[in-house]
Amino acid sequence: MDPFLLTELQRLMTRHGKLDAPAFQALPGLTLLSATAPTPPIAEVSEPVFALVARGAKRVCLGDRVFSYGAGQYLIVSVDLPLEAHVAEASIEAPYLGLGITLRAEAIASLLLEVGSGPVPKSGPPGIAVSDLSDDLVEPVIRLLRLVDRPADLSVLGAAIEREILWRLINGPQGAMVRQIGLADSRMAQIGRAIRWIRTHFAEAFRIEDLARLAGMSVTSFHRHFQGVTSMTPIQYQKQIRLQTARSRLMASAEDVAAIGFAVGYDSPSQFSREYRRQFGQAPGRDGKRLRRE
């Protein structure tokens, strides 16, 4: 990657990272993040996104898999995944600079209708991956940032630049993953239907047979593809969603721990506390106090 382009990207992100959120309303899927010190891990369910780092480094965990990416690299998330992420490298002298663009299925589908979907692998690609930035991918990102303080131009030209970025991603190292986001009959889309159901009904029990039917697969095929995309079983995925939701509620208010456990789907307070401690390293009540304090 051209060092000049990386320097220009850093300059623009430093400048626009200090703007208020309304500056980005013309392109709601665009976000900037800066940090002057490493941050604690934050659990969240990430939607499909293209995220790059211009300075510093970030670490993302999916279950026991760790993805680290730094300046000049990007991350693709292609389905809703329960991730734990934190800024791993940042300082006052060299703040972390990151950018994210939501990957909209309809925008990718529209592009594929014009150019063709290309070959789709028989086995679905993983739901998350890291690659190196290329010059032809960074250039439209820079042009997009140059329009941020001109909302009228951004509202007209932003969509065209977004299409160019998607085109570069589709033809990049993770192109198969990005293409599947836009294909309604792809393995990624089929697994995505089951994932969205679990996210919406995470407190409910479910049968694997019902999820497989929703995805339009046999039980065996569904198990294989779900684990290939998310690196976990459907039950493990549901547990991650439950625990992350519980942690968010504990961080927001001092609710009764047992009540939160019941609300996210645990019938046994002891099981909730045991699995929460195993996931986050502390009992839920103590962890909630620490999070609110910090």
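Quick note: the coordinates plus some simple rules give every number you see, no bench work behind them. This one's a predicted model, so the numbers in the text were calculated from it and none came from an experiment. Positions of Cβ are generated from backbone atoms using ideal geometry, with glycine treated the same way; all protein chains shown enter the neighbour counts.
Direction-averaged projected area, Cα convex hull, the stretch 236-293: 3.3 nm², rounded to one decimal.
Computed about its Cα centre, the charge dipole of the chain is approximately 780 debye, with only Lys, Arg, Asp and Glu carrying charge at their Cβ.
Neighbour counts of C-beta atoms inside 10 Å place 239, 289 in the sequence 289, 239, starting with the fewest. Considering only 182, 265, 56, the mean-square fluctuation computed in a Gaussian network model of the chain, springs between alpha carbons under 10 angstrom, is largest for 265.
Roughly speaking, what is the centre-to-centre gap between the stretch 219-278 and the stretch 24-77 when only Cα atoms are used, to the nearest Å? Between the Cα centre of the stretch 219-278 and that of the stretch 24-77, the gap is 23 Å.
When the P(r) is computed for the stretch 3-182, the part past 30 Å accounts for 14% of the Cα-Cα pairs. Taking other Cβ atoms within 10 Å as a rough exposure proxy, 74, 266 sort from fewest to most as 266, 74. Ranked for footprinting exposure by Cβ neighbours inside 10 Å, fewest first, 251, 13 give 251, 13.
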